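What follows is a short report on a single structure.
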Amino acid sequence: MEKNLTFSLSNTIKIVIFVAQLKKKEIMETKEIFEANHILTVEIAKTLIGKKIAVTNPEYSANKADVRVCTVLGVETEFEAAKRNPQEKYGNQQAMWIAENNETTIARAKKRLKLIYEGENPYATCEDSTRCLPEGTFFGSDSDRPIYYIEITYKVQNKETGTVIESGLTFEDAKKTLDAFEAQDKEDGIYEPDFYEIEQE
């Protein structure tokens, strides 16, 4: 029993260390995003559809800026986005606004744009009537706090030497590229397991 317990504990520690290393490797600091100085706008967001980004925004000293990672799916009005917010009585938030004849909220929601995403909530909203930021700029926790972003890309490289073979890829494209290289190596009779690896740039 003691031997099995030791084995289980050892593997648990290894898993915890692996996850910690993965998070440290994949999650960048807010400083890195701010220094890149890329502010997210509606037009830029449209060019990032299908791509993975890390975002943050300035905060007052009482709050700590954080990094949110997501894949951009599109841009739409807050009114349209409300259809995906569940609401017990009416089914979704948009239906509730309509049923309750909440004209003020509906009018505002139709003027506000939201970043549609997969992953962590970027809390990205665009409302030009605030006049705090240039037109078409996404803001975060408040209307005077622009969203800064970095596009997350990946590279395929030689695992032993670190020589980069392909770069600037989405993770999905990087995986396809690695699989293609391995398939070609097998066809050429020179395949070696784990010869290639994918790294975040």
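Read-outs: derived from the displayed coordinates by stated rules, not from any lab. All of these numbers come straight from a predicted model, not from anything done at the bench. In this analysis, Cβ positions are derived from the backbone assuming ideal geometry, glycine residues included, and neighbour counts consider all displayed protein chains.
For every helix of n ≥ 4 consecutive DSSP H residues, a contribution of -39,500 (n - 2.57) applies; sum these over the chain, divide by its total residues, and give [θ] at 222 nm rounded to the nearest 500 deg cm²/dmol.
-11500 deg cm²/dmol
Under 25 °C and 0.890 mPa s, how fast does the chain diffuse according to Stokes-Einstein, given a Kirkwood radius computed over C-alpha pairs? Answer in µm²/s, whole number.
Value of D from the Cα-based Kirkwood radius: 122 µm²/s.
How high is the relative contact order of the chain? Use alpha-carbon pairs under 8 Å, at least six apart in sequence, and give a whole percent.
Worked out over the chain, it gives 20 percent.
Which cross-chain or sequence-distant (5 or more) residues have an amide H under 5 Å from the amide H of Glu76, H modelled 1.01 Å from N in plane?
Lys114, Ile116
At q = 0.14, 0.18, 0.21 Å⁻¹, what base-10 log of I(q)/I(0) does the Debye formula yield for the range 128-201 when every alpha carbon is treated as an equal point scatterer in vacuo?
Cα-only, vacuum Debye calculation for the range 128-201: -0.57, -0.70, -0.85.
Angle, helix 2-26 long axis vs. longest principal axis of the chain, Cα atoms, 0 to 90°, nearest 10?
Here the helix axis deviates by roughly 60 degrees.
Based on the mean of other beta carbon atoms within 10 Å per residue, what is the order of 81-91, 34-44, most packed first?
Final packing ranking: 34-44, 81-91.
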